[in-house]
Amino acid sequence: MSNRLVLQELRDSNSSKFQVSEFILMGFPGIHSWQHWLSLPLALLYLLALSANILILIIINKEAALHQPMYYFLGILAVADIGLATTIMPKILAILWFNAKTISLLECFAQMYAIHCFVAMESSTFVCMAIDRYVAICQPLRYPSIVTESFVFKATGFMALRNSLCLISVPVLAAQRHYCSQNQIEHCLCSNLGVTSLSCDDRKINSINQVLLAWTLMGSDLGLIILSYALILHSVLKLNSPEAASKALSTCTSHLILILFFYTVIIVISITHSTGMRVPLIPVLLNVLHNVIPPALNPMVYALKNKELRQGLYKVLRLE
């Protein structure tokens, strides 16, 4: 019995002695030998996301007709998109181009926190957009008094505060784990589950926290969005004029396209992680694409579907 205790003490002292000081991001699992070929499409997607969202911000800023709550929320979404893409893409491209795979523990936990915050901010902004459309369609006479600039400011402040405070638990709990042997992450970025899976101690609390946050933050956001659009649909179906109903619904189509894509991919990523797929490349690739495709897609969908935004684009680009 005493020998076992001595061995346990030695093991514990060795673990604390060999605590890792950095992680190694291996990139895309299973395709390490040719993953550099992915750098070109990913770099193009990143440049598209940056340029399109910056252009959206310039258009909204320059066009007085777009100084409305709906476009302010679109501007907030553009900022969140730029932040999300920039949090992960420079490091991914550094891995693929320069083999710069090492990342310090502090940088890794900071990236983890930033990814969670920006994704949650996108989700919260979609909620505000859904509420904006609900008031505009179901309470049109009260819209100017309810959805004001003050409402946008307060909603943005609440979203930022909620997300930053609730999600601080993710990197804090990850930092409390003990990383004593493995430091190679089969991923391009510091995902919570990918990092904590390397810890030597019990990580159950991290998994429980991740599930609770997903249900309380993302779950509540998705619930509010579904409720808003259910009320919109109920209100539109009561309209006697098919043209009026079609016009009312057309203002929601761009939101719905982006919302469906955003939450569908999140659900697919969650399922692939929880079922432990035999091909780990799929959830990793989905995770990366989910952080770069929506930022590139969002401005294009809005520009194609929104007449005022399209006109603003033509003016900024001097096409009219």
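Figures for the structure shown
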{"item": "Nearest-ten-degree value, helix 204-213 long axis tilted from longest Cα axis of the chain", "result": "0 degrees"}
{"item": "Among 80-90, 55-65, 37-47, the order from most to least packed when residues are scored by Cβ within 10 Å on average", "result": "80-90, 55-65, 37-47"}
{"item": "Mean accessible surface per residue for region 78-173, computed with a 1.4 Å probe while every protein chain stays in place, in Å²", "result": "43 Å²"}
{"item": "Pair Ile208, Leu44: separation of 7 Å Cα→Cβ label points (nm)", "result": "4.7 nm"}
{"item": "Cysteines, the chain, no other Cys beta-carbon under 4.7 Å", "result": "Cys117, Cys128, Cys138, Cys166, Cys188, Cys252"}
{"item": "Tilt relative to the chain, helix 149-166 - C-alpha long axis, 0 to 90 degrees, to 10", "result": "10 degrees"}
{"item": "Extension reserve of the Lys238-Glu22 stretch, reckoned as 0.36 nm per residue once the Cα distance is removed", "result": "71.8 nm"}
{"item": "Solvent accessible area, Å² - Ser197, 1.4 Å probe, full protein context", "result": "60 Å²"}
{"item": "Per residue accessible area in Å² of region 183-320, where ligands, DNA and RNA are left out and the probe is 1.4 Å", "result": "55 Å²"}
{"item": "Rg/Rh (Cα only; Kirkwood hydrodynamic radius) as it applies to region 105-213", "result": "1.16"}
{"item": "Kirkwood Rh in Å, taken over the chain so that all alpha-carbon pairs contribute", "result": "21.7 Å"}
{"item": "Kirkwood Rh and Cα Rg combined as Rg/Rh, region 178-233", "result": "1.24"}
{"item": "Within the accessible area of the chain (1.4 Å probe), percent carbon and sulfur", "result": "67 percent"}
{"item": "Kirkwood-based shape ratio for region 80-149, expressed as Rg/Rh from alpha carbons", "result": "1.27"}
{"item": "15 Å beta-carbon shell around Val119, net charge (K/R +1, D/E -1)", "result": "-2"}
{"item": "With all protein chains modelled, accessible area of Tyr314 [1.4 Å, Å²]", "result": "90 Å²"}
{"item": "Extension gain, His178 back to Phe98 (0.36 nm per residue minus Cα-Cα distance, nm)", "result": "25.9 nm"}
{"item": "Gained length - Ile58 relative to Lys307, 0.36 nm times residue gap less alpha-carbon distance", "result": "88.0 nm"}
{"item": "Net +/- balance of residues flanking Glu107 in space, Cβ distance below 9 Å, scoring K and R +1, D and E -1", "result": "0"}
{"item": "Convex hull per residue volume in Å³, alpha carbons only, for region 149-268", "result": "136 Å³"}
{"item": "Surrounding net charge for Ser220, when Lys and Arg each add one and Asp and Glu each subtract one, Cβ distance under 15 Å", "result": "-1"}
{"item": "Taking all pairs of distinct alpha-carbon atoms in region 16-68, Kirkwood radius in angstrom", "result": "15.2 Å"}
{"item": "For region 171-210, the fraction of alpha-carbon pairs in successive 5 Å shells from zero, as %", "result": "5, 27, 37, 23, 8"}
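The values are calculated or read from the model by the stated rules, or taken from the named source; none is laboratory data. The model shown is predicted, which means the values in this text are computed figures rather than measured ones. Positions of Cβ are backbone-derived with ideal geometry, glycine not excepted, and every protein chain shown enters the neighbour counts. Quick note on the areas: whole protein, heavy atoms, side chains included, nothing else; ligands and nucleic acids left out. Shrake-Rupley method; radii C 1.70, N 1.55, O 1.52, S 1.80 Å.
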